[in-house]
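Shown next, in structure tokens, is the structure this report addresses.
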Amino acid sequence: MPAISDVFFRESLFRDFGMKPGDVMVMGKPLVARHEVLTANNQVNYAAMPFDLTAGPLVVEIPASGSDYAIIGEICDNWQAPLVGVGVVGPDAGRGGKYLLIPPGYKDKAPEGYFAVPMEGFRGTMVFRPVVIGKGTMEGSIALAHQTRIYLLSDAAGPKPTKVMDGWSKPWHSLPVYDIIWFKPRQIRQ
């Protein structure tokens, strides 16, 4: 069930928002009823990012938290088991940092300055929350999340801009279906 849920969540980002791996979606407001998301709440904003490691290691730059805002999240494997926290709950301890998602079978050593995260699968989804603390505003927390960057390690010297979108105005159907559909041939996008 966790693996099916992860796949369905990832595919919902492609289907409902037109995202591609490496794009970031930041909800401009807390979730409402049209956002069908498993275990979500309506008190914080969410950010989601589908990733694909088939082209090599991927860098995820998490922005620094501060006295008014915090990034809180996890990088999970394809079974939704947490591998490492990010932001104030991660090794960057809220100072921001570069997390390097390493694909299966990759043999090179991670360069200095990265938090290496060996992955068991090539595709997945990361979710984090930009949270208001102190005297911050929701708008400020969203602006912080928009600073997230994703790019291939091979492009680290000159990464292309990360596409960051706001998905709040659209319906989101990410709840998994646990029935025979998973045993029928189907096309998995992205």
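Taking the numbered list (1) touching a Cys at 6+ places or on another chain (Cβ under 6 Å); (2) touching a residue at least 40 places away in the same chain (Cβ under 8 Å) in turn, Thr54 passes all entries but (1). Just one residue in the set Gly22, Gly90, Gly113, Gly73 is without any contact (Cβ under 8 Å) to a residue 40 or more places away in the chain and buried (at least 17 other Cβ atoms within 10 Å of the Cβ); that residue is Gly90. Number of residues in region 32-54 that are surrounded by fewer than 17 Cβ atoms within 10 Å (Cβ to Cβ), in contact with a strand residue (DSSP E or B) (Cβ under 6 Å, 6 or more places away or on another chain) and aliphatic (A, V, I, L, M): the value is 1. Among the residues that make up region 100-107, is at least one of them surrounded by fewer than 19 Cβ atoms within 10 Å (Cβ to Cβ), in a loop (DSSP other than H, G, I, E, B), charged (D, E, K, R) and touching a residue at least 40 places away in the same chain (Cβ under 8 Å)? Checked region 100-107: no residue is surrounded by fewer than 19 Cβ atoms within 10 Å (Cβ to Cβ), in a loop (DSSP other than H, G, I, E, B), charged (D, E, K, R) and touching a residue at least 40 places away in the same chain (Cβ under 8 Å).
Read the figures in this text as sums done on the coordinates, not as results from a lab. Treat the numbers as computed from the prediction; the structure is a model and nothing was measured. Because the Cβ atoms are built from the backbone with ideal geometry, glycine has one as well, and the counts that use them run over all protein chains shown.
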